[in-house]
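Please find one structure pasted underneath; my questions will follow.
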Amino acid sequence: MYARIWHLQVRHGMKDEFMKAMDSLIHLVRQEEGYFGVIALASGNPEAPEVRVVALWDTPEAVHESEKDLFLMQAMTKYMACCEGVPKILEKEVLAVDFAAD
């Protein structure tokens, strides 16, 4: 399994718009082959949180293939408009994961 981790700073007062854009993006990315799931974590100022988005994929190739999807890239542009600066993006191998289904 493979993770792409985005470090973002949401603009002041844009948290709700960011969350709407993330929902739209999640709807689209679920259609991508190799997509496993995502979690978004926020900390700091509730009006302008620092956010970590961790997207999980079966393989590095799956995440790179998703970058070719025009609709997905357009959705990402919407949520990036809610953020300050350029995000820091990391790609890591996942050593362990467990999400309880109960």
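Could you pull out the residue among 41, 90 that is in contact (Cβ under 8 Å) with a residue 40 or more places away in the chain, loosely packed, with under 13 Cβ neighbours inside 10 Å and among the hydrophobic types (A, V, I, L, M, F, W, C)?
Step by step, each of 41, 90 is checked, and only 90 is in contact (Cβ under 8 Å) with a residue 40 or more places away in the chain, loosely packed, with under 13 Cβ neighbours inside 10 Å and among the hydrophobic types (A, V, I, L, M, F, W, C).
While we're here: Return the residues of segment 67-86 that are assigned to a strand (DSSP E or B), in contact (Cβ under 8 Å) with a residue 24 or more places away in the chain and surrounded by fewer than 15 Cβ atoms within 10 Å (Cβ to Cβ); say none if nothing qualifies. Explain how you work it out, then say what you get.
Let us first name the residues in segment 67-86 that are assigned to a strand (DSSP E or B), namely 83-86.
From what's left, in contact (Cβ under 8 Å) with a residue 24 or more places away in the chain: 83-85.
Result: 84, 85.
Can you find even one residue in segment 28-38 that is touching a Gly at 6+ places or on another chain (Cβ under 8 Å), aliphatic (A, V, I, L, M) and modelled with pLDDT of 90 or more?
Among the residues of segment 28-38, not one is touching a Gly at 6+ places or on another chain (Cβ under 8 Å), aliphatic (A, V, I, L, M) and modelled with pLDDT of 90 or more, which makes the answer no.
Can you spot a residue in segment 47-66 that is at pLDDT 95 or above, under 12 Å from the mean Cα position of the chain (by Cα) and exposed (fewer than 15 other Cβ atoms within 10 Å of the Cβ)?
no
The values are calculated or read from the model by the stated rules, or taken from the named source; none is laboratory data. Only a predicted model underlies this, so the values are computations on that prediction, with no experimental measurement involved. Cβ coordinates were reconstructed from backbone atoms using ideal geometry, including for glycine residues, and neighbour counts include every protein chain displayed.
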